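The values are calculated or read from the model by the stated rules, or taken from the named source; none is laboratory data. Computed from a predicted structure; not experimentally measured. Reconstructed Cβ throughout: ideal geometry from the backbone, glycine too, with neighbour counts over all protein chains shown.
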Amino acid sequence: MRKLGVLVAMFFLSAACFAQVAATNSSSAGDANMAVFGWESAVHDFGKIKQGVPVSHEFKFTNTGKTPLVITNVQASCGCTTPAWSKDPIPPGGQGFIKATYNAASMGGFNKTITVMANVENGFKQLSIKGEVTQE
């Protein structure tokens, strides 16, 4: 019985500690100095495209934050999509791009994501491409 009481006390103590950490992390004091993506659009619909013919779209953005925006990595949800991006820091008010090239090998509809890791709130932003692959 004593062990159960100690276990319950430790549980409540650890829950209180984690609650304090979460409250500290949610403050918005540091957010004012973060870079901010200002996307023209975060989704692109290719519509119907031909099988075997790669297609590309360039997502454009403006850094609407107060510090330079640094993209650390861009990753597609599958090997059929190849990303390219602005490698240099984007100053406040500056513009950049993420280019997604989709290799339309499989027939049917598709919906792929491109994850952009940067010094923005939450550390990333997801973009989306979609469409339908038809026969030539």
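Quick notes
- Selection status of residue 36, surrounded by 10 or more Cβ atoms within 10 Å (Cβ to Cβ), among the hydrophobic types (A, V, I, L, M, F, W, C), in contact with a helix residue (DSSP H, G or I) (Cβ under 9 Å, 6 or more places away or on another chain) and modelled with pLDDT of 70 or more: yes
- Selection of first residues in the range 74-98 that are farther than 20 Å from residue 126 by Cβ and without any contact (Cβ under 8 Å) to a residue 60 or more places away in the chain and of second residues that are exposed (fewer than 14 other Cβ atoms within 10 Å of the Cβ) and charged (D, E, K, R), restricted to Cβ pairs under 8 Å at least 6 apart or on distinct chains, gives the following pairs, ordered by first then second residue: 92/66.
- Filtered residues of the range 75-97 (kept if closer than 19 Å to residue 54 by Cα and crowded, with 17+ Cβ neighbours inside 10 Å): 76, 81, 83, 85
- Here residue 122 passes the criteria (1) within 12 Å of residue 37 (Cβ to Cβ); (2) surrounded by 14 or more Cβ atoms within 10 Å (Cβ to Cβ) except the one numbered (2).
- Output for the range 68-83, where each listed residue is in a loop (DSSP other than H, G, I, E, B) and either acidic (Asp, Glu) or within 11 Å of residue 103 (Cα to Cα) (or both): 78, 79, 80
- Residue that is small (Gly, Ala, Ser) and surrounded by 14 or more Cβ atoms within 10 Å (Cβ to Cβ), where the choices are 100, 105: 100
- Filtered residues of the range 53-91 (kept if touching a helix residue (DSSP H, G or I) at 6+ places or on another chain (Cβ under 7 Å) and of a type in the set (D, E, K, R)): 66
- Test: residue in the range 119-132 that is aliphatic (A, V, I, L, M) and closer than 26 Å to residue 48 by Cβ: yes
- Of everything in the range 48-74 that is farther than 19 Å from residue 107 by Cα and of a type in the set (A, V, I, L, M, F, W, C), the residue that is surrounded by the fewest Cβ atoms within 10 Å (Cβ to Cβ) is 70.
- Entry remark, the range 84-134: residues being within 22 Å of residue 67 (Cα to Cα), assigned to a strand (DSSP E or B) and β-branched (Val, Ile, Thr) number 4 in total.
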